[in-house]
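Novice: Handing you a structure now.
Please treat every number below as a calculation from the coordinates, not as lab data. What you see is a predicted model, and the numbers here were worked out from it, not measured in a lab. Virtual Cβ from ideal backbone geometry, glycine too; neighbours counted across all protein chains shown.
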Amino acid sequence: MKASSQLIQVAIKMGLLGALMSIISLLILFYLGRHPLLLNPVLDARWPLMGLFVFFALKMLRDQNNGVLHFWQAMLLGFLIYMIMAQMAAAFIAIFASIDATHFMSSYIAIATEQINVNKADLIDKLGEKTVTDALAMLPNTTASNLAFDYFLKSMPIGLILTLILSTLMRRKGD
């Protein structure tokens, strides 16, 4: 089988599996009472999930190619995986947040408003009063697509950082 088709197959397989796990982690966090979109970015479930799926995909492709994995292949594979994971999870968020019965959107707005009000003095010092006031005014107008797009955009640097590190560590050239 051609290396490019192997790469695409591994990316789709691991990307979809990773997306499923991301969606499950979003649901678990939400139903445990921790809104997944309002967590500290360092504690975000995307870090370990993307890291695991990119790592195992790189290992799988390297094993299929007799121990050879070029940096460009690793970067492309990692990029495809985190893009699939981010797009599928963002699509899920857009659908899930638009269903009123889930209270995903309303709880997001309520918790975000509460967090801003609790930390208002610190936020005003760091960002300025106009920025904080504008954020509070815009929060009630947040849509499901806003949340989905925000999740997608915040997934990009996480995926890129992990892919760069893992691609560097996992690459191996043939003898």
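Novice: In a Gaussian network model over the chain where Cα atoms closer than 10 Å are linked, find which of 111, 12, 158 has the largest mean-square fluctuation.
Specialist: 111
Novice: Run the reach check for residue 2 against lysines, Cα to Cα strictly under 30 Å, same-chain hits fewer than 8 apart removed. What comes back?
Specialist: 13, 59, 173
Novice: Positive end of the charge dipole of the chain (Lys, Arg +1 and Asp, Glu -1 on Cβ, about the Cα centre): tell me which of 141, 101, 45 has its Cα farthest that way.
Specialist: In the chain, that residue is 45.
Novice: Determine, for each peptide in 74-81, 146-153, 44-51, the mean count of other beta carbons within 10 angstrom over its residues, then list the peptides with the highest first.
Specialist: Details: 74-81: 22.8, 146-153: 17.2, 44-51: 19.2.
Averaged packing, sorted descending, gives the order 74-81, 44-51, 146-153.
Novice: If the cut-off is 22 Å between C-alpha atoms, which lysines fall inside it for residue 130, apart from same-chain ones fewer than 8 positions away?
Specialist: Candidates past the 8-residue exclusion: 120.
Novice: Does the range 3-170 come out rounded, prolate or oblate, given a ≥ b ≥ c as the square roots of the eigenvalues of its C-alpha gyration tensor, rounded meaning a/c under 1.5 and, failing that, prolate meaning a/b above b/c?
Specialist: prolate
Novice: Once whole DSSP H runs in the chain are found, which of them have Cα atoms spread over 20 Å or more along the helix axis and a mean Kyte-Doolittle score of at least -1.0?
Specialist: On the way: long enough: 3-31 (41 Å, 1.69); 46-64 (26 Å, 0.56); 71-98 (40 Å, 1.80); 104-118 (21 Å, 0.79); 144-170 (38 Å, 1.30).
Going by DSSP H runs, the hits are 3-31, 46-64, 71-98, 104-118, 144-170.
Novice: I've got another one for you. Among 155, 106, 22, determine the one that fluctuates most according to a GNM of the chain built with springs between C-alpha atoms less than 10 Å apart.
Specialist: 106
Novice: Still on this structure, please answer the following. How big is the gap, in Å, between the Cα center of the range 12-73 and the Cα center of the range 89-103?
Specialist: 20 Å
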